[in-house]
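Below is one structure; the comments refer to it alone.
Derivation of every value follows stated rules applied to the coordinates shown; laboratory data play no part. Computed from a predicted model, the values in this text were never measured in an experiment. Cβ placement follows ideal geometry from the backbone for every residue including glycine, while neighbour counts extend to all protein chains displayed.
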Amino acid sequence: MSHETWQEQIRRGTLDLAILLSVSSGPRYGLAIIQHLEAFTDLVVAEGTIYPILGRLTREGLLASTWVEDEAPHPRKYYALTRAGTRRLAEMSTAWREYVRKIDRLMAASERGR
Amino acid sequence: MTLSDVGEARVNGYLFVLQRSLKTFLPADSVRDAVREIESHLRDRIAAADGAPNEREALERILAELGPPLRVAQAYSAERTIDEAVTTGRFVAIVRAVWHLAVSTVVGFFAALCLFIGYVVSVATLLMAGLKPIFPNNVGIQFVNGVPIGPAAEFPVPAGIDLRGGYWVIPLFAIAGLAGLVLTQWCARKYLAWWRSRR
């Protein structure tokens, strides 16, 4: 597997978690989620591919969406975490921290062994 | 940035292509919702590009960051059709998802070919179970050099073709056809679940 493929797999695998984290502090609309992700990560490769993921997370019941008509000259679709989404985010965050800790331990052991 | 007529036409053209692509696999209300959301994104980006010296360059950059309309539509398709197929297991949803992957990737094409063969062979076997009572001498198990090759139906039976089997082949073909259909459907669902786990 090439380095690019490996990075792409990590990116895809973490995108759901990153999107859920983006709306954990309060509802955000699509572009605001993208800007939030861009501010902290380089997970957004093409902005248009984030919207289908938001749609899937909504269908899975992890996000709830609402159109807000009067905030800007055009309507915006806001996404917020549902109760199931909050639970899933907690599970994913715990699993992610656990995963990173184990890989860190492995890397430290590997460096000590050199 | 307030768009000129040319800029508006460019945005509308982008949204038109997106809408046409989405229409091929999404229900009308989902298409409307998706296009509305993408337009909202574009309007926000355009409004934030105030002060850009060249409208054309600024607009092309905004559209490039969003991604080509076909790529955006493909992302919707991948999320939607494969999810629906894996979750519901409905035949139509599975066929739609397999077709989508077949026309967009090489692996998908060959997987679709294998699944297509599976479905066709299973349906043909079932069909032969139904034809046996009507054409008892034309349907049976074909033997070559005394070795059974598989179910066959010949109209008329050519010289040298050895078709054997009485009415007992009816339940055999029916069970084999049904088992083939169930197995192919199971493989299709597993394949799509595997594909979904890769994204």
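Working only within the range A:35-50, note down all residues that are at the interface with chain B (Cβ under 8 Å from one of its Cβ atoms) and touching a helix residue (DSSP H, G or I) at 6+ places or on another chain (Cβ under 6 Å). Give the derivation first.
The initial filter retains those residues of the range A:35-50 that are at the interface with chain B (Cβ under 8 Å from one of its Cβ atoms), namely A:46-49.
Selection gives A:E47, A:G48, A:T49.
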Given (1) under 16 Å from the mean Cα position of the chain (by Cα); (2) among the acidic types (D, E); (3) more than 30 Å from B:T88 (Cα to Cα), index of the condition A:E98 fails: (1)
Filtered residue count, the range B:132-150, keeping only those that are crowded, with 16+ Cβ neighbours inside 10 Å and outside any strand (DSSP E or B): 2
Out of B:F155, B:F116, B:F173, sole residue that is farther than 30 Å from A:R12 by Cβ, among the aromatic types (F, W, Y) and surrounded by 12 or more Cβ atoms within 10 Å (Cβ to Cβ): B:F173
Answer residue from the range A:55-84, given it is in a strand (DSSP E or B) and more than 27 Å from B:I46 (Cβ to Cβ) and is nearest to the other protein chains (Cβ to nearest Cβ) among those: A:A64
B:A112 vs. criteria farther than 30 Å from B:A34 by Cβ and away from chain A (no Cβ under 14 Å): no
Search result, residues across the range B:151-199 that are of a type in the set (D, E, K, R), more than 30 Å from B:R90 (Cα to Cα) and assigned to a loop (DSSP other than H, G, I, E, B): B:E154
Condition check for B:V107: part of a helix (DSSP H, G or I), without any contact (Cβ under 8 Å) to a residue 40 or more places away in the chain and surrounded by 15 or more Cβ atoms within 10 Å (Cβ to Cβ): no
Residue selected from the range B:63-103 under the condition among the small types (G, A, S) and more than 14 Å from chain A (Cβ to nearest Cβ), by the criterion surrounded by the most Cβ atoms within 10 Å (Cβ to Cβ): B:A102
